[in-house]
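What follows is one structure encoded as structure tokens, with my remarks underneath.
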Number of protein chains: 2
Amino acid sequence: MRSISEQSTPARIRDAAIRAFARDGYQATIRAIAAEAGVAPGLVIHHFGSKDDLRELCDAHVTTLLLDEKTQGAATIASIADHFVGEDSPPLIDYVRRMLNSDSPAATALFDRLTEATRRMLRDQQAAGRIREDVDVEALAPLLTLYGLAPVAMPALLARATGRETVDATALEAASAAMLPLLSGGLYGDTSQ
Amino acid sequence: MRSISEQSTPARIRDAAIRAFARDGYQATIRAIAAEAGVAPGLVIHHFGSKDDLRELCDAHVTTLLLDEKTQGAATIASIADHFVGEDSPPLIDYVRRMLNSDSPAATALFDRLTEATRRMLRDQQAAGRIREDVDVEALAPLLTLYGLAPVAMPALLARATGRETVDATALEAASAAMLPLLSGGLYGDTSQ
DNA sequence: CTTCGGATTGAACGCATGTTTAAACTATAG
DNA sequence: CTATAGTTTAAACATGCGTTCAATCCGAAG
């Protein structure tokens, strides 16, 4: 009764849960998730065991989407923004926002991966001579990653800071575009290089 | 039966609510708040009307504590950290963290006040010649404020980034201390000035 | 002392939640 | 066709929640 192009019922429930968690946080009710997936509440438990198990699976799935799909070595924060454009898939930016504020293991795991990518980028820049030799890029990487996540963690404040109504991928890119040259050249130093 | 030095029952409930919200988020139950304040659950409603009203009052109170008490013109992010040292008062850092991730009006209000302070600081720095004249400090202020809030919004990631177990005021200061000179001098420009 | 209004309590109410359960449905294998 | 195992549903269950309510306590006013 289900064509091959459609996804399986567990996958549909999983995506509905990701949308619901992104929209309403973990307070999203199982009944709401079930309704969004077009199934009975009991079926959610039957397939995933419990709400906590469902959440862990959603965390893992979103992390996989963000890291494995297109970021083989380029998992910068900017690359994450690309995932927030398509409306077909769940709105991952809001889900990541919830993750970043939940102290879940998935959040630190994602942070570690992003830090690793930032560290590689900084190494390359320093090797290319665009970062002074006395800068400790190893210690700087996690801090820069943390600060770079601010627009993702607080999109409402980003909208206020940039005078926009909504926050989309272009807003995230604009924020990075405004900060990166300052980091590179500094507020005082020359920008010739 | 209550000495003058002790605070009134509503104030005790309010502080208990701030501690509970900071610790458990808005999911903190009225029963837990009442127990922490040493009163019956019904008394919380009697004094504050509803849980939502209590939350709004807590938001306003925390904002007042942060802005009015000691930040007459110096409400920088660093100054907020000073409020997180004393264990006598509620742990405001966690409460602010919840606020920043709640899209509440109080969050944007606090952000606006912090942005204003950042703007003043940038103007002074530019007037003193420590910021190039072509830097648009008016547009930079809200962005810098947003990024500066990252350690407050994601203390667990800050701990991971700095290799610490716990996040206290010194951790926040260390993060700022590591980033500010980079912003000033840039990753490539000289740091002579 | 008596009275009266607010403070306070403990119990109850109504409701939403996550989960369980038994039954009905469906597809596949023999 | 029949049997069987997995899928799905609707209803019920148990619990915790915010809130209400009637009764009690207590201090100040008369």
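The values are calculated or read from the model by the stated rules, or taken from the named source; none is laboratory data. The structure displayed is predicted, hence computed values, not measured ones. Neighbour counts run over all protein chains shown; Cβ positions are idealised from the backbone, glycine included. SASA here: full protein model, heavy atoms, side chains in, ligands and nucleic acids out. Shrake-Rupley method; radii C 1.70, N 1.55, O 1.52, S 1.80 Å.
A probe of 1.4 angstrom, applied to the heavy atoms of all protein chains, finds A:Glu6 with accessible area near 100 square angstrom. Converting phi to 3J(HN,Hα) with the Karplus coefficients 6.51, -1.76 and 1.60 and the offset θ = phi - 60°, segment A:101-112 yields 9, 10, 6, 6, x, 5, 5, 5, 5, 4, 4, 4 Hz in sequence order, with x at every glycine or proline.
Paramagnetic label reach from A:Ser8 (point 7 Å along Cα→Cβ; backbone nitrogen cut-off under 18 Å): within segment A:18-51, residues A:18, A:37-40, A:43-50. Once C-alpha pairs closer than 8 Å and six or more residues apart are averaged by separation and normalised to the residue number of segment B:8-54, the relative contact order reads 35 percent. Solvent exposure of A:Asp112, expressed as accessible area, is near 60 Å², computed with a probe of 1.4 Å over the protein chains only. Each other copy places its own label point for A:Arg123 at 4.6 nm from this one, sorted shortest first, where the point lies 7 Å along the Cα-to-beta carbon line.
So what J values fall out for segment B:125-130 if you push phi through Karplus, 6.51 cos²θ - 1.76 cosθ + 1.60 with θ = phi - 60°, rounded to Hz, Gly and Pro as x? Karplus-based 3J(HN,Hα) across segment B:125-130 equals 4, 5, 5, 7, x, 8 Hz. Note that segment A:1-49 carries a Kirkwood radius of 10.9 Å, evaluated over its alpha carbons pair by pair. Distances between equivalent label points of B:Ala35 across the copies, with each point positioned 7 Å along Cα→Cβ, amount to 3.2 nm, shortest listed first. Residue ranking by accessible heavy-atom surface, 1.4 Å probe, largest first, among A:His61, B:His46 comes out as B:His46, A:His61.
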